[in-house]
């Protein structure tokens, strides 16, 4: 395949094309070839981005800005300043004419292909170090939905390019050891699904590592609400062999993200009361999703993290679309823990329960001083190493503060939400969907987070006093009064090590 192509169609791509079109687009191409129902589209290649930054002569300035601003890798404010300067530089630069014409031509052909003038599309970032088996880069760059017309597509393409340098992306590459100049970005342009329902599917239980189960989470409208954790989703567990539904939990869903039929833009709207407690997908749709999950896992030969949507305008089964698949990054390289299925009573009635939710991260115990925050600005002011991060939901900008935490508790979200995925990758105890945690937990007070059972206790249980909070992240660290791990940190005192 020519390596200097500016635009490539999904059907021209395979999983081996990550250096050209990034992980997301390479997988969309791979699934298209494998006859998985993927909405049609094309990739603006990483070479197009490279030509853009070299021909506009901004490449060197981008990397110098990071070096000048990020002198302390533990200071989130430095990433924010570097990002601000770089994104302003990129978005003020004019796209070379030949790249613009290639994008406009491909968009016109896509509109003709689906027989819709100025087809609404999803414009999705796809970095060349993304969706890898050992680094998901989940949510590091940006996606724009319901983009319509060539002019808006060009505008959002440049914004996707600049999102290679969000604070969270700069931070993540730095901590993962990726050189910034070696990571390029492609952009996927894909027919927009007018979703009645959408969500995430794992072909392995993402919390326990059970390979015999498929876990599906979803909500009404677009899947952004599930991925971000803005809504606690419906939760279904399916037997991988029989496709029998082993467990279902229907959440109260109050807000959905939908396309406004008049403006064509994405809007947040209140769900009518009669639909709030209804399952967002039928049993037939659950089984069809599970079938596709099995097919995709068998094709790749490893567990997958899959995004799906149910089209509001098509009949079953054509209405079921797969819009992304990536390798599952936590359990794929290790065996499921045998102990996690067993609920363990750590400390009985003498401790007050202040919150309950879903165990979603590492199933261990976290403890420390709570910091209740509703924005990254608040987290920047309040969070210290070893604190418990308590918030309504997280997004990728929270990652530097999540990394500092001894435990994470969120009001909203399911086991496939951002907080859950990142906490598993970081090895941090996490409880999601705790509903009222930001009200019942108080900044400055001490708590024990039992992420085995999804329970938060007031105070620190006596057996944990004097233990280094980093025991959560070290397999060889014991729950005793003396920290025996080799982290060489001070023992627990005043809520942090």
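Values in this text are rule-based calculations from the coordinates and carry no lab data. Just so you know, these numbers come straight off a predicted model, no measurement behind them. All Cβ positions, even for glycine, are placed from backbone atoms using ideal geometry, and neighbour counts span all protein chains on display.
If I stretch the segment between residue 245 and residue 436 completely, what's the gain in nm (0.36 nm per residue apart, minus their alpha carbon distance), one decimal?
Working: separation 191, 0.36 × 191 = 68.76 nm, distance 2.92 nm.
This chain segment gains 65.8 nm when fully extended.
Between residue 151 and residue 350, the FRET efficiency from the beta-carbon distance, with R0 = 45 Å, is close to 0.10.
What is the angle, in °, between the Cα long axis of helix 167-176 and the longest principal axis of the Cα atoms in the chain? Nearest 10 is fine, range 0 to 90. That helix lies at roughly 70 degrees to the long axis.
Please give the FRET efficiency for residue 268 paired with residue 179, using the beta carbon to beta carbon distance and R0 = 60 Å, rounded to the nearest 0.05. Once rounded, the FRET efficiency stands at 0.95.
Going by a ≥ b ≥ c, the root eigenvalues of the Cα gyration tensor, does segment 353-473 fall in the rounded group (a/c under 1.5), the prolate group (a/b larger than b/c) or the oblate group? Rounded shape, in that the Cα axes give a/c under 1.5. Here is how the number arises for the chain: DSSP H runs of 4 or more residues each give -39500 (n - 2.57), the sum is divided by the residue count, and the result at 222 nm is -8500 deg cm²/dmol.
Principal-axis analysis of the Cα atoms of the chain puts helix 18-33 at an angle of about 80° to the longest axis.
What shape does segment 148-231 have by the C-alpha gyration tensor, where a ≥ b ≥ c are the square roots of the eigenvalues, rounded means a/c under 1.5, and otherwise prolate means a/b greater than b/c and oblate the rest? Because a/c hits 1.5 or more and a/b fails to exceed b/c, segment 148-231 counts as oblate.
Restricting everything to alpha-carbon atoms, can you work out Rg to Rh for the chain with a Kirkwood hydrodynamic radius? Don't skip to the end; give the middle numbers.
On the way: Rg = 22.7 Å, Rh = 23.4 Å.
When Rh is taken as the Kirkwood radius, the ratio is 0.97.
With contacts taken as Cα pairs under 8 Å at a separation of at least 6 residues, the chain carries a relative contact order of 13 percent.
Reported value for segment 195-327: 108 Å³ per residue, from the convex hull of its C-alpha atoms.
May I have the pair-distance distribution P(r) for segment 7-191, computed from all Cα-Cα distances with 10 Å bins from 0 and rounded to whole percent? Pair shares across the bins are 10, 38, 35, 14, 3, 0. The angle between the Cα long axis of helix 46-55 and the longest principal axis of the Cα atoms of the chain comes to about 80 degrees, rounded to the nearest 10.
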